[in-house]
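J.: Before I ask anything, here is the structure I am working with.
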Amino acid sequence: MFGKDIYWYGVQAISLFETGELHSPDRSPVFHIVAYFFTIFGVNDDSLFYFQILTAVWLLFSLYFSRYLLKSNTDIWNVFPSVMVLVLSFLYPKQAWALGFLLLSIAIYLSKTISNPIGKWIGCGIFLILATWFHTMVGVLGLGIWILYKIPRKYNLIFFIFVLVLPHLIPDDTSGRLVVDTKTFPVFAAYSMVGIGILWDWLRLVFGKNIISLHKPMYATLSFLGLLLVLPIFHFADIQFRILISVLLIGSLFTLSNRKEGFVILLSFSLWVYTFSQSPHLFRYPYEDMWNPGEKAASISDNGLLVAHHGFCEYYHFQFRKDCLSWKPDEKAIREMPANTKIYRLVFGIRFENLRASKENDLPIFSTIIPLGEYQIVLEKDWEKYIEWLEKRNSKLLSVAKSWKNPYRTRPSFIQRKQNYGI
């Protein structure tokens, strides 16, 4: 399977399929589409893959139909779709469905073939509402693009300075939803996340000149927005990256269809393929290595809750129907555990020998260690002692023990509200 969230869609759809309700509250209808695939093809990995394919087809259709409305049809020199279609469809399906509606909304708004202004506004509004329904962030992005489009470009410098100082004006968000990160330069973060292809696409968006003359004002807006997104404003991986790839896709609506653009897109496609071939872990988890540790963890009779990294939790819950948390256990998670059960942790990236050799006052820290290759199963209460032991020794393993591989942060309150239990 490709993608890092695809099994979450499976978890949500299984709950719909079996109980009629979502596993965790979410207004987006996209999970109903996955549940429908389950009714046709069964609850399995193939159904999830077919859903991803349908998502790519939908986004590709939306892109080309929007270009048709804008009279910017593709030709023989521009047969390669934007790589963002595949990236979004397989990594962020819910966002991809919403972007399809946003593309249509923008195309209707700017189309010269629709002469009735009332019909244009109605059509634009309907598709924007659908985009918001499928993914709220995409709807807000569409509204933001429209507002930025209406601001004369002569005020770009003032707006740029305002965004630059914005992090210092935002109060602390106690819910944990909004994280200000001014230490990471987003362009380098994007490169580390998905490789050199996105740098090429960003450069093309910001400095590209092969634009349909009729739509240069909108492209200038998107280009300026792409420039704003390199500022370290918000937590890049959570917000700016998703916005950036959305803007890159929208920008592809307004490029000319000619030999030059076809070559540029082909080069972009090649860079993305090169990254995927060299670093496939950037686009997927090694799910094939998760079955054995998942099966072992699920077979532990008193395992009331498993703590593991994000990708494993979704896979584990989908395959074995067991609760898993990709955060440090909080009071809510503990309260929802079955009676007379324990919390286990699936440790990743630390060898069995290292865990077994850890001792305090000549006594082993871990009362239970189940070796499973890259993964080891231990009791959560022992793991907490181990973290304290590493901190006292200032051990090099601390950077692994407190990383995405081994969750150490507590769920923000807004995620607690979204998650009834598990994951």
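The values are calculated or read from the model by the stated rules, or taken from the named source; none is laboratory data. Computed from a predicted model, the values in this text were never measured in an experiment. Neighbour counts run over all protein chains shown; Cβ positions are idealised from the backbone, glycine included.
Every residue, every condition in (1) crowded, with 21+ Cβ neighbours inside 10 Å; (2) more than 26 Å from F31 (Cα to Cα); (3) of a type in the set (F, W, Y); (4) not assigned by TED's automatic domain parsing to the domain that holds D238, yes or no:
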site	(1), (2), (3), (4)
L103	yes, no, no, no
T136	no, no, no, no
G142	yes, no, no, no
R153	no, yes, no, no
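J.: Which of the following residues is assigned to a helix (DSSP H, G or I) and more than 21 Å from Y68 (Cα to Cα): G144, G100, G123? Let's see the steps before the verdict.
T.: Numbers: G100 fails: more than 21 Å from Y68 (Cα to Cα); G123 fails: more than 21 Å from Y68 (Cα to Cα).
Exactly one residue qualifies, and that residue is G144.
J.: Additional query: So, in segment 216-238, exactly how many residues are touching a residue at least 60 places away in the same chain (Cβ under 8 Å) and assigned to a helix (DSSP H, G or I)?
T.: Residues that pass the stated criteria total 9.
J.: Checking T341 against (1) within 21 Å of D5 (Cβ to Cβ); (2) free of Cβ contacts under 8 Å to residues at least 60 places away in the same chain; (3) among the β-branched types (V, I, T), only one condition comes out false. Which one?
T.: Here T341 clears every test but (1).
J.: Additional query: Just to verify a result, which residue in segment 106-126, among those that are buried (at least 23 other Cβ atoms within 10 Å of the Cβ) and within 26 Å of the chain's Cα centre (by Cα), is nearest to P29 (Cα to Cα)?
T.: Pass one, segment 106-126, residues buried (at least 23 other Cβ atoms within 10 Å of the Cβ): 106-108.
After this cut, where a residue has to be within 26 Å of the chain's Cα centre (by Cα) as well, the list is 106-107.
Details: I106: 22, A107: 23 Å.
Here the answer is I106.
J.: Ok, one more. Among the residues of segment 224-233, are any more than 14 Å from L141 (Cα to Cα), within 20 Å of the chain's Cα centre (by Cα) and at pLDDT 80 or above?
T.: Yes: one or more hits.
J.: Also: Kindly evaluate I114 against the criterion of being at pLDDT 95 or above, assigned by TED's automatic domain parsing to the domain that holds L88 and among the aliphatic types (A, V, I, L, M). Can you show your working first?
T.: Working: at pLDDT 95 or above: no; assigned by TED's automatic domain parsing to the domain that holds L88: yes; among the aliphatic types (A, V, I, L, M): yes.
Criteria not met by I114.
J.: Okay, next question. Of the numbered conditions (1) more than 11 Å from V187 (Cα to Cα); (2) buried (at least 17 other Cβ atoms within 10 Å of the Cβ), A220 satisfies every one except a single condition; which is it?
T.: Of (1) more than 11 Å from V187 (Cα to Cα); (2) buried (at least 17 other Cβ atoms within 10 Å of the Cβ), only one is false for A220: (2).
J.: While we're here: Suppose we filter segment 305-336 for residues that are among the aliphatic types (A, V, I, L, M) and surrounded by fewer than 18 Cβ atoms within 10 Å (Cβ to Cβ); how many remain? Break it down into steps so the answer makes sense when it comes.
T.: Let us first name the residues in segment 305-336 that are among the aliphatic types (A, V, I, L, M), namely 305-308, 325, 333-334.
Now narrow it down to the ones that are surrounded by fewer than 18 Cβ atoms within 10 Å (Cβ to Cβ): 334.
Within segment 305-336, residues that are among the aliphatic types (A, V, I, L, M) and surrounded by fewer than 18 Cβ atoms within 10 Å (Cβ to Cβ) number 1.
J.: Considering S28, S62, S15, S47, which residue is in the same structural domain as L104 (by TED's automatic domain parsing) and touching a Lys or Arg at 6+ places or on another chain (Cβ under 7 Å)? Break it down stepwise before answering.
T.: Working: S62 fails: touching a Lys or Arg at 6+ places or on another chain (Cβ under 7 Å); S15 fails: touching a Lys or Arg at 6+ places or on another chain (Cβ under 7 Å); S47 fails: touching a Lys or Arg at 6+ places or on another chain (Cβ under 7 Å).
One residue alone meets the criteria, S28.
J.: Checking the condition within 22 Å of E314 (Cβ to Cβ) and either of a type in the set (V, I, T) or assigned by TED's automatic domain parsing to the domain that holds P293 (or both), which residue from E384, E380 passes? Can you show your working first?
T.: Numbers: E384 fails: within 22 Å of E314 (Cβ to Cβ).
That would be E380, the only listed residue that is within 22 Å of E314 (Cβ to Cβ) and either of a type in the set (V, I, T) or assigned by TED's automatic domain parsing to the domain that holds P293 (or both).
J.: Now for a separate question. Between residues in segment 198-214 that are closer than 12 Å to E261 by Cα and residues that are assigned to a strand (DSSP E or B), which pairs lie under 6 Å by C-beta distance while being six or more apart or on different chains?
T.: Between residues of segment 198-214 that are closer than 12 Å to E261 by Cα and residues that are assigned to a strand (DSSP E or B), the close pairs are N210/T255.
J.: Do you know which residues across segment 396-407 are part of a loop (DSSP other than H, G, I, E, B), surrounded by fewer than 16 Cβ atoms within 10 Å (Cβ to Cβ) and not charged (D, E, K, R)?
T.: W404
J.: Taking F263 as meeting all but one of (1) closer than 27 Å to Y109 by Cβ; (2) over 23 Å from the mean Cα position of the chain (by Cα), write down the number of the exception.
T.: Condition (1) is where F263 drops out.
J.: Shifting gears a bit: Taking S277 and the conditions (1) at pLDDT 90 or above; (2) assigned by TED's automatic domain parsing to the domain that holds F61; (3) crowded, with 18+ Cβ neighbours inside 10 Å, which numbered condition does it fall short on, given that it satisfies the others?
T.: (3)
J.: Among the residues of segment 262-295, write down those that are among the hydrophobic types (A, V, I, L, M, F, W, C) and in a loop (DSSP other than H, G, I, E, B). I'd like the intermediate steps shown before the answer.
T.: Taking segment 262-295 as the starting set, the residues that turn out to be among the hydrophobic types (A, V, I, L, M, F, W, C) are 263-267, 269, 271-273, 276, 282-283, 290-291.
Result: F283, M290.
J.: Please pick out the residue among L282, L305, L325 that is among the aliphatic types (A, V, I, L, M) and more than 20 Å from I6 (Cβ to Cβ).
T.: Values: L282 fails: more than 20 Å from I6 (Cβ to Cβ); L325 fails: more than 20 Å from I6 (Cβ to Cβ).
Just a single option satisfies the conditions, and that option is L305.
J.: Report, by residue number, each residue of segment 317-375 that is assigned to a helix (DSSP H, G or I), of a type outside the set (A, V, I, L, M, F, W, C) and in contact with a helix residue (DSSP H, G or I) (Cβ under 7 Å, 6 or more places away or on another chain). Break it down stepwise before answering.
T.: Here is the first cut: in segment 317-375, the ones assigned to a helix (DSSP H, G or I) are 317-320, 331-335, 352-357.
Now restrict to residues that are of a type outside the set (A, V, I, L, M, F, W, C): 317, 319, 331-332, 335, 353-354, 356.
Once the filter is applied, which keeps residues that are assigned to a helix (DSSP H, G or I), of a type outside the set (A, V, I, L, M, F, W, C) and in contact with a helix residue (DSSP H, G or I) (Cβ under 7 Å, 6 or more places away or on another chain), segment 317-375 yields H317, Q319, K332.
J.: Further, regarding this structure: Looking at segment 70-81, can you tell me whether even one residue there is surrounded by 20 or more Cβ atoms within 10 Å (Cβ to Cβ), touching a residue at least 60 places away in the same chain (Cβ under 8 Å) and in contact with a His (Cβ under 9 Å, 6 or more places away or on another chain)? Step through it out loud before you land on a result.
T.: The first filter runs over segment 70-81 and keeps only residues surrounded by 20 or more Cβ atoms within 10 Å (Cβ to Cβ), leaving 70, 72, 78.
Next cut, touching a residue at least 60 places away in the same chain (Cβ under 8 Å) only: 70, 72, 78.
Next cut, in contact with a His (Cβ under 9 Å, 6 or more places away or on another chain) only: 70, 72.
Looking through segment 70-81, at least one residue is surrounded by 20 or more Cβ atoms within 10 Å (Cβ to Cβ), touching a residue at least 60 places away in the same chain (Cβ under 8 Å) and in contact with a His (Cβ under 9 Å, 6 or more places away or on another chain).
J.: Considering segment 196-215 alone, what residues qualify as being under 15 Å from M84 (Cα atoms) and assigned to a loop (DSSP other than H, G, I, E, B)? Write out each step before concluding.
T.: Of the residues in segment 196-215, the ones under 15 Å from M84 (Cα atoms) are 196-205.
Scanning segment 196-215 gives a single hit, I196.
J.: Scan segment 196-207 and give yes if some residue there is of a type in the set (V, I, T) and buried (at least 22 other Cβ atoms within 10 Å of the Cβ), otherwise no.
T.: Step one: of segment 196-207, the residues of a type in the set (V, I, T) are 196, 198, 206.
Subset that is buried (at least 22 other Cβ atoms within 10 Å of the Cβ): 198.
Yes: one or more hits.
J.: Continuing with the same structure: Yes or no: segment 59-80 includes at least one residue that is assigned to a helix (DSSP H, G or I), closer than 28 Å to H317 by Cα and modelled with pLDDT of 90 or more.
T.: If we filter segment 59-80 for residues that are assigned to a helix (DSSP H, G or I), which is where we start, we get 59-69.
With the extra rule that they be closer than 28 Å to H317 by Cα, the set shrinks to none.
No, every residue in segment 59-80 fails to be assigned to a helix (DSSP H, G or I), closer than 28 Å to H317 by Cα and modelled with pLDDT of 90 or more.
J.: Okay, moving on. Take F90 and decide whether it is at pLDDT 85 or above, of a type in the set (F, W, Y) and closer than 19 Å to Q319 by Cα.
T.: The answer is no for F90.
J.: Restricting the first residue to segment 270-294 and requiring it to be more than 17 Å from A190 (Cβ to Cβ), which pairs with a second residue that is part of a helix (DSSP H, G or I) and of a type in the set (A, V, I, L, M, F, W, C) meet a Cβ separation below 7 Å and a spacing of at least six or different chains?
T.: Here the result reads M290/F312; G294/F320, each pair linking segment 270-294 to a residue that is part of a helix (DSSP H, G or I) and of a type in the set (A, V, I, L, M, F, W, C).
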